[in-house]
Amino acid sequence: MAKLFNIVSPDRAYFGQKDAQQTIVIKKMVVDLNMDLEVIVSPTVRENDGLAMSSRNIYLNPEERRAATILFKALTLAHEAYSNGERDTERLRQQMALLIKGEPLAKIDYVSIADSRTLEELSTIDRPAVASLAVRIGKTRLIDNILLT
């Protein structure tokens, strides 16, 4: 990205919130390298059932597509628990993992709750955080996240 930004010299670069880790790394790179560039993060666009829109979704058969909604359900669970006062990240990760494991077609790669600026894993949410996950549905690896602020 640094090479591209140096070649093109854009004023702004747009990224989707769905790729939260990528946007955090790029924002840090822009600051660290003193690039005269504004990084704009757009909200995740979702299907009606909550699944984040992604080019990878075309690899899901109808049964896998239905199963893939478990990602957003797990993130929503974490957000609701956070909104109700839960700050212990281990409990939140366990609740998310338990829900996902209830979907037979889902295999967890990771469930994370991290600082939304540094990606440092948190034990307690005491600053803006991002809950993110990667889950394999069949052969397709899907990612998604939600901000906890």
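The values are calculated or read from the model by the stated rules, or taken from the named source; none is laboratory data. The structure displayed is predicted, hence computed values, not measured ones. Here Cβ is always computed from backbone atoms with ideal geometry, including for glycine, and neighbour counts include all displayed protein chains. What goes into the accessible areas is simple: the full protein's heavy atoms, side chains included, and nothing from ligands, DNA or RNA. Shrake-Rupley method; radii C 1.70, N 1.55, O 1.52, S 1.80 Å.
I want to confirm something. Restricting to region 32-46 and keeping residues that are part of a loop (DSSP other than H, G, I, E, B) and open to solvent by less than 40 Å² (accessible area, probe 1.4 Å), which single residue is farthest from LYS3 (Cα to Cα)? Filtering region 32-46 for residues that are part of a loop (DSSP other than H, G, I, E, B) and open to solvent by less than 40 Å² (accessible area, probe 1.4 Å), the one farthest from LYS3 (Cα to Cα) comes out as THR44. Here THR89 meets each of (1) under 17 Å from PRO128 (Cβ atoms); (2) over 19 Å from the mean Cα position of the chain (by Cα) with one exception, condition (2). Within the option set LYS101, LYS3, being out of contact with any strand residue (DSSP E or B) (no Cβ under 6 Å at 6 or more places or on another chain), open to solvent by 90 Å² or more (accessible area, probe 1.4 Å) and under 22 Å from GLY138 (Cα atoms) holds for one residue only, LYS101. Among the criteria (1) hydrophobic (A, V, I, L, M, F, W, C); (2) open to solvent by less than 40 Å² (accessible area, probe 1.4 Å); (3) farther than 29 Å from MET29 by Cα, the one ALA129 does not fulfil is (3). Looking at LEU119, LEU148, just one residue is of a type in the set (A, V, I, L, M, F, W, C), open to solvent by 10 Å² or more (accessible area, probe 1.4 Å) and in contact with a helix residue (DSSP H, G or I) (Cβ under 6 Å, 6 or more places away or on another chain), and that residue is LEU119. Considered as a group, the residues in region 6-31 that are among the charged types (D, E, K, R) and open to solvent by less than 90 Å² (accessible area, probe 1.4 Å) include one that is farthest from ARG117 (Cα to Cα), and that residue is LYS18. In region 47-62, of all residues being closer than 16 Å to ILE146 by Cα and among the small types (Gly, Ala, Ser), the one that is most open to solvent (accessible area, probe 1.4 Å) corresponds to SER54. Restricting attention to region 75-98, the residues that are in contact with a strand residue (DSSP E or B) (Cβ under 6 Å, 6 or more places away or on another chain) and open to solvent by 40 Å² or more (accessible area, probe 1.4 Å) total 3. Of note, ALA68 does not satisfy the criterion of being within 14 Å of LEU147 (Cα to Cα) and touching a residue at least 60 places away in the same chain (Cβ under 8 Å).
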